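K.L.:
One structure follows; several queries about it will come next.
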Amino acid sequence: MSEPVKSQTIRVVVNGREYTRTVEARTLLVRFIREELNLTGTHFGCDTGHCGSCTVIVNGRLIKSCMMLAIQADGMSIETVEGLANPDGSLSPIQDAFSAHHALQCGFCTPGMMLATKYLLEHNPHPTEEEIRRGIKGNLCRCTGYVNIVKAIQSLANNEEVTL
Amino acid sequence: MSGTTVTTQQTARTQWSGQSIPRKEDERLVKGQGRFADDIRRHNEAYVYLLRSPYGHARIRRVDVRAAQEAPGVIMTLTGDEVREIQKPFMEIAPPPGGYIEDYCLAVDKVRFMGEPVVAILAETAEQARDAADLVDIEYEPLDAVVTGEDALKDTAPLLHGKVGSNVVWHGLYDWGSVEEAKRQADKIVKIDRLHFHRFTSTPIECNAAVVEYYPGSGEYTFWCNNTMPQFAAMFMGPALGIPTDRLHFVTQDIGGSFGNKITTYVYLTICAILAKKSGRPVHWTEYRTDHILGGSHGNERTFLDIEVPVLNDGTILGLSARAIDDCGAYPRYEPLGSVIWSQVVPGVYRFRNVRIDYTQVVTNKCPVGPNRGYSRLQHMWMLERVIDIVAHELNLDPVEIRKKNYIKPDEMPYETPNGCVYDSGDYPRCLDMALKLINYDYWRQRQAEVRGTGKLIGIGIGSTLDSGTNNFGQARIINPELPFSGNGEVANVKLDLYGEVVVTIGTTPQGQGHETTAAQVVSDILGVSPDRVRVLIGHDNARNVYTGFSGTYASQFAVTGLGAVQGAAQKLKREIQQLAAGMMGSDPEEIELVDGTARVVGRPDTAIPFIGLANVVFANNATMPEGLDVSLNCTYTYRPPFKVPDVERKFGNLTLTYATQIHACVVEVDEATGETKILDYAAVDDSGRLIHPQIVEGQVHGAAGLGIGAALYETLEYDAEGQMLTPNFYAYKAVTALDVPMIKTAAIESPSPFSPNGAKGMGEGGGAPLHAICSALQDVMRQTSRAIVHDSFNPSERVYRLLRQQPSARRGVEVISNRS
Ligand code: FES
Ligand code: FES
């Protein structure tokens with residue numbers, strides 16, 4: 001029997017930039033993003049895939065990056081919180097709405113929450129309150145009681161002008 | 001605030017304070033540029049893994065770490081036997097015999113709760129440290145465990161700490177007025193056998209984390225961490241490590257929530273400190289969620305027994321007596337301070353004056369507790385609100401009327417409670433009316449009757465609470481007269497920097513409360529610059545920032561102590577600026593006004609000096625300083641609230657400075673077939689005195705309501721009889737989600753505090769009002785059905801289902817005794 005592969009070289013595109021790295025096979029995507037790429041806006045808050053603070057978008061799918069190995073992302077395109085702002089550094093409509101509606105307090109859940117929002121609105125531009133709540137139910141927030149998060153998303157959902 | 005806000009009794013607005021300006025914190029946080037503890041990286045750092053006890057109670061027979069030490073990447077291990085040689089037991093707050101408890105950073109000889117750290121492993125990577133833990137060989141001898149407060153007091157109970165001689169940490173009798181006399185005057189006495197307040201935790205989304213580095217050159221340890229009361233930690237760690245506390249350098253930056261849970265992390269920081277010194281490497285420790293729930297910080301569990309309530313037929317409550325047994329888990333740590341902190345709100349919002357509580361705190365084989373949002377007051381106020389609803393239920397009185405009859409009246413403010421606390425201001429009946437209106441009370445009372453028989457039941461509930469803020473630390477002496485603490489305070493520095501920038505430093509440790517923003521608002525009003533030109537350096541950094549022994553963010557006090565200090569420092573700086581500008585422009589300091597970052601002579605807008613010009617004179621050009629002046633433009637002010645040392649014998653004195661009000665009202669729908677409880681409407685009316693930033697205050701109200709709803713219906717920390725924790729992660733601990741919290745309606749009134757420097761009251765913890773309101777609504781449901789008593793603060797579907805089916809013949813645990821024939 002041959003030894004199982006312990007590490008592997010992967011190529012990913014994160015927020016439009018390409019990275020090639022050799023990673024241990026067991027490295028979780030969240031750790032790869034935080035520790036290898038030094039993009040520390042993606043957080044981790046649990047060990048069971050429940051909190052959603054590690055949420056990113058991988059090839060257009062909403063993913064909890066603690067539930068995926070870095071090597072599984074080989075060849076894929078990843079979007080993290082650091083890619084949300086407009087190219088000139090100004091806030092995107094989602095970031096703006098979260099701030100305006102005081103949808104963040106400590107801000108720890110916020111990156112994951114905003115990516116879940118982006119995914120939701122891209123797939124359902126006019127969600128009802130119930131659909132919004134379903135859309136973010138995988139993301140825990142201990143600070144806001146979710147009230148202002150839902151309001152922030154509603155403000156985007158009701159706004160025809162918004163391009164995410 | 002949102003559209004539902006009804007703000008009245010409004011005080012005069014200044015240009016910035018009182019406005020919901022955009023938060024200064026937000027931009028970096030929405031861009032993912034916050035800097036949280038685990039984001040910190042130090043060159044050459046190594047990683048800590050803690051191997052924890054799988055038993056609730058066991059003797060440690062043998063620990064063999066040899067194989068782990070040989071494992072790839074392992075730098076070193078640390079065991080309890082080694083710790084015993086290096087560390088003195090942490091200070092205990094309780095006097096003897098409770099104070100004989102010996103608490104070390106790793107288990108020594110015995111483990112006393114599942115999750116207690118037993119061996120620490122330091123390795124080159126986090127994965128290697130974790131792998132090596134599998135190679136540690138520990139022989140345990142399991143012991144019987146004790147997992148309830150009541151059992152801990154039994155003669156046959158296993159002892160956790162042999163030296164203490166019992167499981168009691170602290171016992172005290174609180175007795176004010178005369179309950180006996182009240183019982184004689186009463187028409188009836190309502191007796192309730194037992195009420196139980198369950199164990200849960202706020203468990204912030206960011207777990208505990210630290211990077212700790214030892215610098216042999218100065219003997220200094222630096223902790224980049226998320227501890228929220230660092231000087232409290234230092235007070236425990238310095239003596240334990242045998243070093244002066246000024247060698248402990250704490251640095252906090254962005255903190256991902258705490259709710260009190262990050263106060264007692266000194267135990268873990270001590271492990272890291274020992275490893276950092278021994279290894280000569282910066283050490284990095286970040287908890288997993290399971291670690292955090294197993295061994296972090298839980299809320300106090302409390303059982304109330306033999307409650308007796310003397311009442312008049314019209315529902316006037318004359319007093320209350322009860323036994324309280326508080327379960328603090330395996331080690332007291334912040335406790336037994338909770339054993340006095342509850343007495344900040346002895347009568348809650350009510351007028352009765354005769355109270356006797358026989359209070360005992362015990363250890364059990366469970367995770368140690370620590371301050372948890374609403375700390376120690378919410379348990380007591382939950383009991384009071386249960387008493388009100390149960391009395392109403394038993395005497396067939398209206399739950400709204402009985403509250404109004406017993407509420408302290410607005411014209412009685414400031415109101416001295418039976419134990420000498422002075423409620424500063426408030427209007428409880430008005431807040432209640434507003435809350436009822438927000439939920440459309442009359443409509444739901446009518447619906448309630450209509451839906452009966454359809455398989456659904458509607459309950460309407462009220463929770464009336466106080467958020468007592470700005471502790472008088474003198475209350476600790478009621479626990480232990482030897483403790484050299486009293487008062488409270490915070491310090492701030494406001495300065496002009498070299499180029500005239502306004503810079504503020506405070507010793508607080510915000511975790512989402514927006515201190516940068518509100519501090520800037522206060523400074524802006526005084527110095528005449530817009531908040532975006534005020535730089536607020538956040539976080540506790542005792543090598544850079546000012547601080548006091550009380551510094552931190554806890555116990556609903558920033559608006560009073562933190563902003564009080566900022567206000568004082570900004571005013572000092574304003575006076576210096578006026579003196580300097582007057583000297584430079586040849587006018588009087590009184591004639592100088594500060595507008596748009598300039599100092600100018602009133603009525604002569606073109607005679608002005610920008611701040612950069614003033615700074616230049618002081619910092620780079622001081623030979624031009626006007627004759628006779630000695631200004632630094634660097635001003636520090638310590639705010640000290642007006643407190644006295646409480647009377648320890650009588651357990652009497654003002655224990656907190658401000659008392660914010662929260663009156664919540666809710667409507668629930670219960671499915672008779674399943675017991676499932678759904679919230680149909682929810683309103684929270686707050687009185688936090690003068691509001692500095694209404695949106696931030698409302699956000700705190702939402703957050704406290706969200707966690708309270710979670711605790712009432714979904715979140716519980718359960719142990720089995722052997723002390724095995726059944727809910728150690730988010731699989732089993734059902735943290736409340738967006739689907740569980742409704743759109744909370746809010747409103748606020750502002751009754752300015754006459755005692756605080758700005759009219760504001762500390763707020764943020766809430767008083768656990770959702771627990772009270774939801775239990776109250778469920779009691780309202782039982783009123784229509786089985787007449788069962790809602791006796792527990794945690795009411796998942798199973799419990800509601802059982803209560804609905806309780807037989808009329810069953811022991812209800814409540815009795816009404818008529819005093820007169
Ligand atoms: S870290 Fe909690 S879901 Fe990924
Ligand atoms: S803002 Fe703190 S967890 Fe959501």
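Every residue, every condition in (1) within 16 Å of ligand 2 (Cβ to nearest atom); (2) among the small types (Gly, Ala, Ser); (3) without any contact (Cβ under 8 Å) to a residue 40 or more places away in the chain, yes or no:
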site	(1), (2), (3)
A:Ile33	no, no, no
A:Gly60	no, yes, yes
A:Ala73	no, yes, no
A:Glu79	no, no, no
A:Leu91	no, no, yes
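K.L.:
Only residues in segment B:429-447 that are in the same structural domain as B:Glu669 (by TED's automatic domain parsing) count as the first member; pair them with residues that are open to solvent by 30 Å² or more (accessible area, probe 1.4 Å) and aliphatic (A, V, I, L, M), Cβ under 7 angstrom, at least 6 apart or cross-chain, and list the lot.
P.N.:
Cβ pairs passing all conditions: B:Met434/B:Val6.
K.L.:
Hey, another quick one. Can you tell me which residue in segment B:233-279 is farthest from ligand 1 (Cβ to nearest atom), limited to those that are open to solvent by 30 Å² or more (accessible area, probe 1.4 Å) and charged (D, E, K, R)?
P.N.:
Taking the candidates together, the pick is B:Asp246.
K.L.:
Please work out if A:Ala116 is within 16 Å of ligand 1 (Cβ to nearest atom) and in contact (Cβ under 8 Å) with a residue 40 or more places away in the chain. Working first, answer last.
P.N.:
Numbers: within 16 Å of ligand 1 (Cβ to nearest atom): yes; in contact (Cβ under 8 Å) with a residue 40 or more places away in the chain: yes.
Judged against the criteria, A:Ala116 is a match.
K.L.:
Pick from B:Pro158, B:Pro117: which is open to solvent by less than 50 Å² (accessible area, probe 1.4 Å) and either in the same structural domain as B:Ser339 (by TED's automatic domain parsing) or closer than 17 Å to B:Asp64 by Cα (or both)?
P.N.:
Within the list B:Pro158, B:Pro117, the selection yields B:Pro117.
K.L.:
If you don't mind, there's one more thing I want to ask. Scan segment B:302-320 and tell me whether some residue there is out of contact with any strand residue (DSSP E or B) (no Cβ under 9 Å at 6 or more places or on another chain) and within 14 Å of chain A (Cβ to nearest Cβ).
P.N.:
There is no residue in segment B:302-320 that is out of contact with any strand residue (DSSP E or B) (no Cβ under 9 Å at 6 or more places or on another chain) and within 14 Å of chain A (Cβ to nearest Cβ).
K.L.:
Then there is this: Name the one entry in B:Ala234, B:Ala276 that is under 23 Å from B:Glu92 (Cα atoms) and not assigned by TED's automatic domain parsing to the domain that holds B:Val391.
P.N.:
Result: B:Ala234 is the single residue among B:Ala234, B:Ala276 that is under 23 Å from B:Glu92 (Cα atoms) and not assigned by TED's automatic domain parsing to the domain that holds B:Val391.
K.L.:
Also, quick follow-up: Does any residue of segment A:83-98 turn out to be in contact with a His (Cβ under 8 Å, 6 or more places away or on another chain) and either of a type in the set (Phe, Trp, Tyr) or more than 16 Å from ligand 1 (Cβ to nearest atom) (or both)?
P.N.:
no
K.L.:
So A:Thr110 clears everything in (1) open to solvent by less than 50 Å² (accessible area, probe 1.4 Å); (2) without any contact (Cβ under 8 Å) to a residue 12 or more places away in the chain; (3) within 16 Å of ligand 1 (Cβ to nearest atom) except one condition, right? Which one?
P.N.:
So the condition that A:Thr110 fails would be (2).
K.L.:
Using the structure shown, decide if B:Thr737 is farther than 30 Å from B:Pro754 by Cα, of a type in the set (Val, Ile, Thr) and more than 9 Å from chain A (Cβ to nearest Cβ). Outline the logic, then answer.
P.N.:
Details: farther than 30 Å from B:Pro754 by Cα: yes; of a type in the set (Val, Ile, Thr): yes; more than 9 Å from chain A (Cβ to nearest Cβ): no.
Here the answer is no, as B:Thr737 does not meet what is asked.
K.L.:
Here is a follow-up. If a residue has to be within 16 Å of ligand 2 (Cβ to nearest atom), farther than 23 Å from B:Cys225 by Cβ and open to solvent by 10 Å² or more (accessible area, probe 1.4 Å) to count, how many in segment B:489-529 make the cut?
P.N.:
0
K.L.:
Considering A:Glu3, A:Glu79, which residue is among the acidic types (Asp, Glu), at pLDDT below 95 and farther than 25 Å from B:Asn208 by Cβ?
P.N.:
A:Glu3
K.L.:
Are any of the residues in segment B:748-755 of a type in the set (Ser, Thr, Tyr) and more than 10 Å from chain A (Cβ to nearest Cβ)?
P.N.:
yes
K.L.:
Return the total of residues in segment B:399-448 being part of a helix (DSSP H, G or I) and within 30 Å of B:Arg783 (Cα to Cα).
P.N.:
27
Residue-by-condition table, conditions (1) under 26 Å from B:Val736 (Cα atoms); (2) in the same structural domain as A:Val14 (by TED's automatic domain parsing); (3) among the polar types (S, T, N, Q):
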residue	(1), (2), (3)
A:Glu79	no, yes, no
A:Gly89	no, no, no
A:Ser92	no, no, yes
A:Ser99	yes, no, yes
A:Ala103	yes, no, no
A:Met114	yes, no, no
A:Thr117	yes, no, yes
A:Gly135	yes, no, no
A:Gly138	yes, no, no
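K.L.:
Among the numbered criteria (1) away from ligand 1 (no atom under 14 Å from the Cβ); (2) surrounded by fewer than 21 Cβ atoms within 10 Å (Cβ to Cβ); (3) at pLDDT 95 or above, which one does A:Val12 miss?
P.N.:
Answer for A:Val12: the failing condition is (2).
K.L.:
I would also like to ask the following. Across segment A:41-56, what is the total count of residues that are open to solvent by 10 Å² or more (accessible area, probe 1.4 Å) and either away from ligand 2 (no atom under 16 Å from the Cβ) or more than 13 Å from every other protein chain (Cβ to nearest Cβ) (or both)?
P.N.:
3
K.L.:
Continuing with this model, one more query. Could you identify the single residue in B:Ser797, B:Ser793 that is assigned by TED's automatic domain parsing to the domain that holds B:Gly689, under 25 Å from the mean Cα position of the chain (by Cα) and not aliphatic (A, V, I, L, M)?
P.N.:
Values: B:Ser797 fails: under 25 Å from the mean Cα position of the chain (by Cα).
When all the criteria are applied, what remains is B:Ser793.
K.L.:
Now for a separate question. What number of residues within segment B:506-529 satisfy the criterion of being more than 14 Å from chain A (Cβ to nearest Cβ) and modelled with pLDDT of 95 or more?
P.N.:
11
K.L.:
Scan segment A:128-137 and tell me whether some residue there is among the hydroxyl-bearing types (Ser, Thr, Tyr) and within 16 Å of ligand 2 (Cβ to nearest atom).
P.N.:
no
K.L.:
Take B:Asp532 and decide whether it is within 28 Å of B:Gly257 (Cα to Cα), acidic (Asp, Glu) and either surrounded by fewer than 24 Cβ atoms within 10 Å (Cβ to Cβ) or away from chain A (no Cβ under 14 Å) (or both).
P.N.:
yes
The values are calculated or read from the model by the stated rules, or taken from the named source; none is laboratory data. This structure is a prediction, so every number in the text was calculated from the model and none was measured. Methodologically, a virtual Cβ is constructed for each residue, glycine included, from the backbone with ideal geometry; neighbour enumeration extends over all protein chains shown. SASA here: full protein model, heavy atoms, side chains in, ligands and nucleic acids out. Shrake-Rupley method; radii C 1.70, N 1.55, O 1.52, S 1.80 Å.
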